[in-house]
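Colleague: Please see the structure below; I have some questions.
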Amino acid sequence: MLIAFGLQTLGSVLVYVYFRPGFESLQAIGIMFLLGISFGCQMQNTLVAVQAATRQREVAMATTVRNFFRNGGGVLGLAISGALKHTSMPRQFNYALTSQFPDETIDRFEDDPLSIAQAFPDPMDPLRIKAVNAYAESLRIVFLVFIPISALAFLVSIILPEYRLGRGEEGEPVRKRGIGSAIVEKFHAVSRRA
């Protein structure tokens with residue numbers, strides 16, 4: 001999970017910093033591949049981690065709770081992303097296009113971004129480029145907000161205790177010595193002394 005959240009944070013930073021209209025396709029594919037690997041590693045690894053950290057008789061409940069929170073987090077993330085995009089989009093379109101178009105046209109671009117291509121069939125039309133740039137800028141805020149969330153997930157994954165995939169004699173999870181275990185033990189030792 002450590003690698004997955006690290007790749008996700010790196011990929012989100014790269015998207016925020018480098019993605020602009022006209023960005024090289026090969027570089028975009030590389031960054032999307034990086035993000036795809038990170039998300040793929042997260043989905044199954046979190047399930048295995050939850051199952052390894054619970055008693056055998058509680059695996060079904062732990063799996064259900066994990067899936068519930070994963071789906072709830074997805075819904076919450078989508079709602080936040082949509083709200084951020086729809087909040088920044090009018091500002092970006094108004095900044096880029098107000099002097100050239102009436103408000104009704106800008107509203108149509110906000111409601112249906114594909115109408116930009118219909119309004120400007122020529123890909124090199126300067127107004128189309130301005131409209132596409134405005135739309136792309138409205139998406140960047142989403143990555144800006146989720147970069148710290150990814151970084152926090154990465155930091156938390158460092159201190160999580162590690163468990164073996166095998167079980168103890170009575171179906172108990174077996175803790176593994178790892179980076180997270182050492183950090184948590186040092187923290188507990190310091191807090192007991194205080």
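Colleague: Given the condition charged (D, E, K, R), without any contact (Cβ under 8 Å) to a residue 24 or more places away in the chain and within 30 Å of Glu137 (Cβ to Cβ), answer yes or no: does some residue in segment 46-58 qualify?
Modeller: Taking every residue of segment 46-58 in turn, none turns out to be charged (D, E, K, R), without any contact (Cβ under 8 Å) to a residue 24 or more places away in the chain and within 30 Å of Glu137 (Cβ to Cβ).
Colleague: Enumerate the pairs (first residue in segment 152-173 and within 24 Å of Leu7 (Cα to Cα); second residue anywhere and open to solvent by 70 Å² or more (accessible area, probe 1.4 Å) and not hydrophobic (A, V, I, L, M, F, W, C)) with beta-carbon separation below 7 Å, excluding pairs fewer than 6 apart on the same chain, so at least 6 apart or on different chains.
Modeller: Pro161/Arg175; Glu162/Lys176; Tyr163/Arg175; Tyr163/Lys176; Arg164/Lys176
Colleague: Just to be sure before I move on: is Ala53 at pLDDT below 90 and more than 22 Å from the chain's Cα centre (by Cα) in the structure I sent?
Modeller: yes
Colleague: Got a sec? Which helices (runs of 4 or more DSSP H) wholly within segment 1-97 have at least 2 residues that are touching an Asp or Glu at 6+ places or on another chain (Cβ under 8 Å) and open to solvent by less than 40 Å² (accessible area, probe 1.4 Å)?
Modeller: Answer list for segment 1-97: 59-97.
Colleague: Still on this structure: Can you run down the residue pairs with Cβ atoms below 6 Å, 6 or more apart or on separate chains, where the first is in segment 93-119 and polar (S, T, N, Q) and the partner is open to solvent by 90 Å² or more (accessible area, probe 1.4 Å)?
Modeller: Note: pairs meeting the criteria are Ser115/Arg108.
Colleague: Here are some conditions: (1) touching a strand residue (DSSP E or B) at 6+ places or on another chain (Cβ under 8 Å); (2) more than 30 Å from Gln51 (Cβ to Cβ); (3) of a type outside the set (S, T, N, Q). Ala131 meets all but one. Which one does it not meet?
Modeller: Every condition holds for Ala131 apart from (1).
Colleague: Specify the residue that is farthest from Phe23 (Cα to Cα); the eligible residues are those in segment 98-144 that are assigned to a loop (DSSP other than H, G, I, E, B) and of a type in the set (Phe, Trp, Tyr).
Modeller: Once the filter is applied, the top-ranked residue is Phe101.
Colleague: Quick one: is Asp112 farther than 30 Å from Lys186 by Cβ and modelled with pLDDT of 85 or more? Walk me through it before giving the result.
Modeller: Details: farther than 30 Å from Lys186 by Cβ: yes; modelled with pLDDT of 85 or more: yes.
Yes; evaluated as a whole, the condition is true for this residue.
Colleague: Which numbered condition trips up Arg164, out of (1) at pLDDT 85 or above; (2) touching a Pro at 6+ places or on another chain (Cβ under 9 Å)?
Modeller: The one condition Arg164 does not meet is (1).
The values are calculated or read from the model by the stated rules, or taken from the named source; none is laboratory data. Only a predicted model underlies this, so the values are computations on that prediction, with no experimental measurement involved. Glycine also receives a Cβ, built like all others from the backbone with ideal geometry; neighbour counts cover every protein chain displayed. Just the protein is used for accessible areas: all its heavy atoms, side chains included, with ligands, DNA and RNA removed. Shrake-Rupley method; radii C 1.70, N 1.55, O 1.52, S 1.80 Å.
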